[in-house]
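*Asks:* One structure, as structure tokens, below. Some questions next.
The values are calculated or read from the model by the stated rules, or taken from the named source; none is laboratory data. None of these values were measured; they are calculated from a predicted model. Ideal geometry is used to build each Cβ from the backbone, glycine not excepted, and the neighbour counts take in all protein chains shown. What goes into the accessible areas is simple: the full protein's heavy atoms, side chains included, and nothing from ligands, DNA or RNA. Shrake-Rupley method; radii C 1.70, N 1.55, O 1.52, S 1.80 Å.
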Amino acid sequence: MEIGARVPEFSARTYFPKEDKIESLQIPVAGKWNIITFHPGDFTFVCATDIEAFGAMQEQFEKNGAVVLAVSTDSIFAHRVWHQTSPRVSKTNIPLVEDASKAITSAYGFLSSNGASARRGVVIIDPEGNLQYYAVFNDALGKDVKHIYNAFLGLKSIHDAPKQEGKMSAIPANWEPGKPMLVVDTTKDIGKL
């Protein structure tokens, strides 16, 4: 998958913890920013901390027009039981997407080399369905959700910035929400930064 490319679309059974229901969901969710976190498996150690961290920031993502989804190759029933029994996961309302067929995980490039499970990773997809962020992590390394949130807000700022001929909007290194972004004259500013 390449940054800026259209992402594949899927319909998948999803467990919605807030309502305690299972429904089919179109992925990505149309017209919204999609933050999709992939994890190797339910009932594992680091995965529960990832879901807990995303859950703690879910409201902030949603206030900024994003939906957060979690995908693994576990069944929808495993997702439900995991949410009901895990002290960390049960605190969240993150929808848990079933990918027992491994179609989503494979299409997004997160299927492990042995084909057994998803690798730990995250994608950010813009409202038009284009990939804007892609990261794969060591399975023993939990995700820095604050960084992912800042990256999302930076990408959203770039996306929403007025388009000006001959100018480019960009987010500098170590940018934080509320700080100005770069507006660069693509001809006159060469070598000046």
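*Asks:* Quick check: at a probe of 1.4 Å, how many percent of the accessible area of segment 94-141 sits on carbon and sulfur atoms? Kindly include the intermediate steps, with their values, before the conclusion.
*Replies:* Values: 900 of 1800 Å².
In segment 94-141, the share of accessible area belonging to carbon and sulfur is 50 percent.
*Asks:* What is the ratio of the Cα radius of gyration of segment 142-193 to 2.2 N^0.38 Å, where N is its residue count, to two decimals?
*Replies:* 1.28
*Asks:* Let me ask something else. For the charge dipole of the chain, defined by +1 on Lys and Arg C-beta atoms and -1 on Asp and Glu C-beta atoms about the Cα centroid, which residue among 75, 103, 171 has the Cα displaced farthest towards the positive pole?
*Replies:* 171
*Asks:* For segment 101-193, max minus min Cα coordinate along each principal axis, in Å, sorted largest first?
*Replies:* Computed over segment 101-193, the largest-to-smallest principal extents equal 51, 25, 24 Å.
*Asks:* Further question: About the Cα centre of the chain, how large is the charge dipole given +1 on each Lys and Arg Cβ and -1 on each Asp and Glu Cβ? Please answer in debye to the nearest 20.
*Replies:* In debye, rounded to 20, the chain gives about 240.
*Asks:* Please report how far the C-alpha centroid of segment 1-26 lies from that of segment 38-110, rounded to the nearest whole angstrom.
*Replies:* Value for the Cα centre distance between the two parts: 11 Å.
*Asks:* Quick one: accessible area per residue over segment 31-80, 1.4 Å probe, rounded to a whole number of Å²? Walk me through the intermediate numbers first.
*Replies:* On the way: 1770 Å² over 50 residues.
So segment 31-80 comes to 35 Å² accessible per residue, rounded to a whole number.
*Asks:* When you count, for each residue, the other Cβ atoms within 10 Å and take the mean per peptide, how do 122-131, 40-49 rank with the highest first?
*Replies:* 122-131, 40-49
*Asks:* At each listed q (0.12, 0.19 Å⁻¹), what is the log10 of I(q)/I(0) that the Debye formula gives for segment 7-81 modelled as equal alpha-carbon point scatterers?
*Replies:* Ignoring solvent entirely, the Cα scatterers give -0.33, -0.87.
*Asks:* Going 7 Å from the Cα of residue 160 along its beta-carbon direction, which residues of segment 38-71 have the amide nitrogen within less than 20 Å of the resulting point?
*Replies:* Inside the label zone: 57-69.
*Asks:* How much length is gained on full extension from residue 150 to residue 116, taking 0.36 nm per residue of separation minus their Cα-Cα distance?
*Replies:* So the chain would gain 9.1 nm between residue 150 and residue 116.
*Asks:* If you take the beta carbon distance between residue 103 and residue 193 as r and set R0 to 41 Å, what does 1/(1 + (r/R0)^6) give as a FRET efficiency, to the nearest 0.05?
*Replies:* So, using R0 = 41 Å, E works out to roughly 0.45.
*Asks:* Rounded to the nearest 500, what is the 222 nm mean residue ellipticity of the chain from helices alone, with -39500 (n - 2.57) per DSSP H run of 4+ residues and division by all residues?
*Replies:* The per-residue figure over the chain is -8000 deg cm²/dmol.
*Asks:* As I understand it, the dipole of the chain uses +1 on the Cβ of Lys and Arg and -1 on the Cβ of Asp and Glu, about the Cα centre. Which of 154, 34, 136 lies farthest toward its positive end?
*Replies:* The Cα lying farthest towards the positive end belongs to 154.
*Asks:* Output the Cα-based Rg and Dmax of the chain in Å, rounding Rg to one decimal and Dmax to a whole number.
*Replies:* 17.6, 59
*Asks:* Moving on. How tilted is helix 45-63 with respect to the longest principal axis of the chain? Cα atoms for both, answer in degrees (0 to 90, nearest 10).
*Replies:* So the helix axis and the longest Cα principal axis differ by about 50 degrees.
*Asks:* Using +1 on the beta carbon of Lys and Arg, -1 on that of Asp and Glu, and nothing else charged, what's the dipole of segment 93-193 about the Cα centre, debye to 20?
*Replies:* Details: 11 positive and 11 negative charges, 46 e Å.
The calculation lands at about 220 debye.
*Asks:* Nearest 0.05, what FRET efficiency do residue 141 and residue 174 give at R0 = 22 Å with Cβ-Cβ as r?
*Replies:* 0.60
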